[in-house]
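The values are calculated or read from the model by the stated rules, or taken from the named source; none is laboratory data. Note that the coordinates shown come from a computational prediction; the quantities given were computed from them, not determined experimentally. Note: ideal-geometry Cβ built from the backbone for every residue, glycine included; neighbour counts use all protein chains shown. Protein only, heavy atoms only, side chains kept; ligands, DNA and RNA dropped before computing areas. Shrake-Rupley method; radii C 1.70, N 1.55, O 1.52, S 1.80 Å.
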Amino acid sequence: DAGVTQSPTHLIKTRGQQVTLRCSPKSGHDTVSWYQQALGQGPQFIFQYYEEEERQRGNFPDRFSGHQFPNYSSELNVNALLLGDSALYLCASSLDTTGYTDTQYFGPGTRLTVL
Amino acid sequence: AQKITQTQPGMFVQEKEAVTLDCTYDTSDQSYGLFWYKQPSSGEMIFLIYQGSYDEQNATEGRYSLNFQKARKSANLVISASQLGDSAMYFCAMREGRSNDMRFGAGTRLTVKP
């Protein structure tokens with residue numbers, strides 16, 4: 001049973017550049033959520049995709065955008081990178097049922113460094 | 001407002017002993033879910049245990065149990081018979097009602113001593 005996969009594992013970019021991170025959900029899951037985890041902090045919710053639509057968004061600027069494909073995989077795009085965007089980006093997948101009972105399973109993360 | 005509070009930045013436990021990691025939460029919803037995740041140094045968040053707000057019994061998963069005290073709004077994680085591999089960051093998280101975002105605490109770093 002394949003778990004959540006993310007690519008790439010590590011990424012180094014410079015300020016002002018754009019980046020795309022990819023996520024494949026756990027087999028049987030239809031919902032993908034993205035989180036940003038700064039060093040020494042808990043993850044912060046960026047947004048969630050379901051049925052190829054952004055269903056809910058956290059407190060992140062429009063520079064952060066995403067997409068979900070028909071096979072449920074997802075991309076996170078960040079434009080005009082800032083030094084403060086350096087973080088571990090975690091993708092989580094779940095099966096949409098009742099909401100608060102849905103367990104989210106996380107991938108290994110992509111560590112983004114902005115220089 | 002802080003939704004999830006983990007007051008123990010770091011904890012130490014002797015191998016084979018039990019340890020309790022504290023978590024308190026704040027919500028006005030009647031329906032919510034509480035989750036605990038383990039994050040080793042590799043970075044991946046590993047799901048450990050879930051407790052629903054309407055569950056009358058405390059959740060258990062192997063060596064993990066959740067001490068759920070609804071009136072006090074606490075959801076402490078108990079790890080029995082600690083192992084060296086339990087050394088990691090532990091995060092408490094909550095999802096409210098039909099909300100799709102999961103709020104995490106700041107985490108507790110657990111170190112198991114041989």
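Structural remarks
- Only a single criterion out of (1) closer than 22 Å to residue B:94 by Cβ; (2) at the interface with chain B (Cβ under 9 Å from one of its Cβ atoms) is not satisfied by residue A:108, namely (1).
- Among the residues of the stretch A:36-53, those that are more than 12 Å from the chain's Cα centre (by Cα) and either open to solvent by 50 Å² or more (accessible area, probe 1.4 Å) or within 10 Å of chain B (Cβ to nearest Cβ) (or both) comprise A:39, A:40, A:41, A:42, A:50, A:51, A:52, A:53.
- Considering (1) of a type in the set (S, T, N, Q); (2) assigned to a strand (DSSP E or B); (3) surrounded by fewer than 21 Cβ atoms within 10 Å (Cβ to Cβ), the lone condition that residue A:17 does not fulfil carries the number (2).
- Within the stretch A:87-102, being buried (at least 18 other Cβ atoms within 10 Å of the Cβ) and either of a type in the set (Ser, Thr, Tyr) or more than 9 Å from chain B (Cβ to nearest Cβ) (or both) holds for A:87, A:89, A:91, A:93, A:94, A:100.
- Among the conditions (1) open to solvent by 10 Å² or more (accessible area, probe 1.4 Å); (2) within 14 Å of chain A (Cβ to nearest Cβ); (3) at pLDDT below 95, the only one that residue B:43 does not satisfy is (1).
- Residue tally, condition touching a Lys or Arg at 6+ places or on another chain (Cβ under 7 Å) and within 7 Å of another protein chain (Cβ to nearest Cβ), over the stretch B:90-114: 2
- Residue in the stretch B:52-93 that is farthest from the chain's Cα centre (by Cα), counting only those that are among the hydroxyl-bearing types (Ser, Thr, Tyr) and under 20 Å from residue B:4 (Cα atoms): B:54
- Any hit, the stretch A:3-14, residues being assigned to a loop (DSSP other than H, G, I, E, B), more than 13 Å from chain B (Cβ to nearest Cβ) and either buried (at least 16 other Cβ atoms within 10 Å of the Cβ) or in contact with a helix residue (DSSP H, G or I) (Cβ under 7 Å, 6 or more places away or on another chain) (or both): no
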